[in-house]
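Working notes for the structure below.
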Amino acid sequence: MMEFTAEMIAGFLGGDIVGDKTVKVHTVSSIEEGKAGSMAYLVNPKYEPFLYTTEASIVLVDRSFTPQREVKPTLVKVDDAGAAVLRLLEMYNAARPQKKGVSERASISPEASLGEGCYVGDFAVIEAGARIGDGCRIYPQVYVGDSVEIGEGTTLYPGVKIYEGCRIGSRCILHAGAVIGADGFGFAPNAEGGFDKIPQLGNVIIEDDVEIGANTCIDRAKTDSTIIRRGVKLDNLIQVGHNVQIGEHTVSSAQMGIAGSSKIGRNCFLAGQVGIADHVTIGDRVKIGSQSGVDKNVPDGEVRMGTPALPGIKFHRANAVFRNLPELQQRLSALEKEVNQLIEK
């Protein structure tokens, strides 16, 4: 178990210590759930009451913060507690023991290429022609298909499946159960009333520094490529259809679905359960609210909400009217009654 003293943490962050500099922690917790041996942090002022009751051994706070009463934990004061927490988490993660070696129970084709310093876990399968870069981590039960290319430093967690011919960049993270390169949903009606499968002959290209959540599926293109650009972050349980393109540094929360051949710009934010119809183009820096359905193109920098998705201000105005519909209906009925009485006179 890794342990860090308050003095070590303050030294790493350039912080000041208020309390016992020798106290040790081995994990990080929220301030409301803090236990002995954990380091918590206070970023949002509304959580300050927990500072006086937490059992955490160390609490990270802004340098400008002054407690209103006595506190039990040691305080480490820094310029920006939020940024410091991120640095500490990165330090802690880097210090954790790393998986090493290639399991004897892995199946690696003699025609595959495995870079230096890779970890390959039990029952992983790497097919012929696959090329794996240096320092990759391939956890148990991962499948890497024929002629797949994976850049250096990429991590594939248990159960990831990468179909033949797909390309994954460097420093990517694919979480458990992600499926890259399954067939796109392509069928053509036939004369008998059924459907003929349209062969999906393209692939998926995922560029560098992309993170794909658990059980997210990215379909191969019918022709050419489905493309996930550099720095994209996709949450769990997302469906990306064939021939979709997602621009650099776009982020999406869970359960989003993008139908085939749509194009998403760069630096967009797509909230949970957003649905995007096929052949839609969404510009750069677009924000789409939760459960919105987008069936038309969206220009750069716009905000969309609702189904069908409306510009943000228009949606809020329409929603305000919708909430008052029962009262408006009663008023309209009363006015109709008065008008009818006047006509009868």
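Take the alpha carbon atoms of segment 285-341, find their center, do the same for segment 95-154, and report the distance between the two centers in whole angstrom.
52
Express in nm, to one decimal, how much length is gained between LYS100 and ASP122 on full extension, taking 0.36 nm for each residue of separation and deducting their alpha carbon distance.
Roughly 6.7 nm would be gained on extension.
Given the options SER261, SER252, SER57, which has the most mean-square fluctuation in a GNM of the chain, springs set between C-alpha atoms less than 10 angstrom apart?
Highest fluctuation among the options: SER57.
Hey, quick one: spin label on GLU55, modelled 7 Å out along Cα-Cβ, who in segment 5-41 has an amide N within reach, i.e. under 17 Å?
24-41
Whole number in Å², please: accessible area per residue of segment 25-143, 1.4 Å probe, ligands, DNA and RNA not counted.
For segment 25-143, the per-residue accessible area is 56 Å².
Which distance in nm do the two modelled labels at GLU7 and PHE322 give, with both placed 7 Å along the Cα-to-Cβ direction?
Each label point is offset 7 Å from its Cα along the Cβ direction, giving 6.1 nm.
Based solely on its DSSP helices, what 222 nm [θ] is calculated for the chain when runs of n ≥ 4 H residues each add -39,500 (n - 2.57) and the sum is averaged over all residues, nearest 500 deg cm²/dmol?
-5500 deg cm²/dmol
Considering only protein heavy atoms and a 1.4 Å probe, what is the carbon-and-sulfur percentage of the accessible area of segment 33-165? Don't jump to the answer; show the numbers that get you there.
Working: 3460 of 7160 Å².
With neighbouring chains kept in place, the figure for segment 33-165 is 48 percent.
Quick one: accessible surface of MET305, probe radius 1.4 Å, all protein chains present, in square angstrom to the nearest 10.
50
Can you sort ASP219, ASP300, ASP79 by 1.4 Å-probe accessible area, starting with the largest? Before the final figure, lay out each step's value.
Details: ASP219 15, ASP300 85, ASP79 125 Å².
Greatest to least solvent exposure: ASP79, ASP300, ASP219.
Classify segment 269-313 from the C-alpha gyration tensor, please: rounded if a/c falls under 1.5, else prolate or oblate depending on whether a/b exceeds b/c.
Rounded shape, in that the Cα axes give a/c under 1.5.
Modelled label-to-label distance, LEU89 and LYS21, 7 Å Cα→beta-carbon offset: nm?
Those two pseudo-labels are separated by 2.9 nm.
Quick check on my link table: of LYS263/LYS296; LYS197/LYS296; LYS287/LYS314; LYS24/LYS100; LYS100/LYS233, which ones sit more than 18 Å apart, alpha carbon to alpha carbon?
LYS197/LYS296; LYS24/LYS100; LYS100/LYS233
Quick one: which residues, 5+ away or cross-chain, put their amide H under 5 Å from the amide H of THR27? H built at 1.01 Å from N.
Hits under the 5 Å cutoff: MET39.
What do you get for GluC sites (Glu not before Pro) in segment 202-300 restricted to DSSP loop and a cutoff of at most 13 other Cβ within 10 Å of the site's Cβ? Provide the component values of the computation, followed by the final result.
Numbers: sites: GLU207, GLU211, GLU248; in loops: GLU207, GLU248.
Answer by residue number: there is no such site.
Step through the residues of segment 310-315 one at a time and calculate ³J(HN,Hα) from phi using the Karplus curve (6.51 cos²θ - 1.76 cosθ + 1.60, θ = phi - 60°), rounding each to whole Hz and writing x for Gly and Pro.
10, x, x, 5, 4, 4
Inverting the mean 1/r over all pairs of different Cα atoms, compute the Kirkwood radius of segment 126-186 and quote it in Å. Numbers along the way, then the final one.
Working: mean 1/r = 0.0888 Å⁻¹.
Final number for the Kirkwood radius of segment 126-186 is 11.3 Å.
Return the carbon/sulfur percentage of the accessible area of segment 190-327, one whole number, probe 1.4 Å, all protein chains in place.
Exposed carbon and sulfur together represent 53 percent of the surface.
Spelling out what I want: for every residue of segment 209-220, take phi, set θ = phi - 60°, compute 6.51 cos²θ - 1.76 cosθ + 1.60 (Karplus), and round to whole Hz; glycine and proline get x.
Residue by residue, segment 209-220 yields 6, 9, 10, 10, x, 4, 6, 7, 10, 10, 7, 5 Hz.
According to the square roots a ≥ b ≥ c of the eigenvalues of the Cα gyration tensor, what is the shape class of segment 1-95, taking rounded for a/c under 1.5, prolate for a/b larger than b/c otherwise, and oblate for the remainder? Numbers along the way, then the final one.
Numbers: a/c = 1.43, a/b = 1.29, b/c = 1.11.
Taking the square roots of the gyration eigenvalues as a ≥ b ≥ c, segment 1-95 is rounded.
Given the Cα-Cα distance of SER30 and ASN267 and 0.36 nm per residue of separation, how much length would full extension add, in nm?
Details: separation 237, 0.36 × 237 = 85.32 nm, distance 2.93 nm.
This chain segment gains 82.4 nm when fully extended.
Where only protein heavy atoms count, and the probe is 1.4 Å, what is the accessible area per residue for segment 306-345 in Å²?
About 92 Å² of surface per residue is accessible.
Applying 1/(1 + (r/R0)^6) with R0 = 22 Å to the Cβ-Cβ distance of LYS314 and ALA254, what FRET efficiency is obtained, to the nearest 0.05?
0.25
Looking at the chain as a GNM with Cα springs under 10 Å, which of SER38, SER64, SER103 has the largest mean-square fluctuation?
In the Gaussian network model the winner is SER64.
Scaled to the compact-protein estimate 2.2 N^0.38 Å, what is the alpha-carbon radius of gyration of the chain, rounded to two decimal places?
Working it through for the chain, the quotient is 1.33.
Out of ARG230, ARG167, ARG317, any idea which swings most in a Gaussian network model of the chain, alpha carbons joined below 10 Å?
With Cα springs under 10 Å in the chain, the top fluctuation among ARG230, ARG167, ARG317 is at ARG317.
The values are calculated or read from the model by the stated rules, or taken from the named source; none is laboratory data. Everything numeric here is computed off the predicted structure, so don't read it as measured data. So basically every Cβ, Gly included, is an ideal-geometry build from the backbone, and we count neighbours across all protein chains shown. Ligands, DNA and RNA are excluded from the accessible area calculation, which covers all protein heavy atoms including side chains. Shrake-Rupley method; radii C 1.70, N 1.55, O 1.52, S 1.80 Å.
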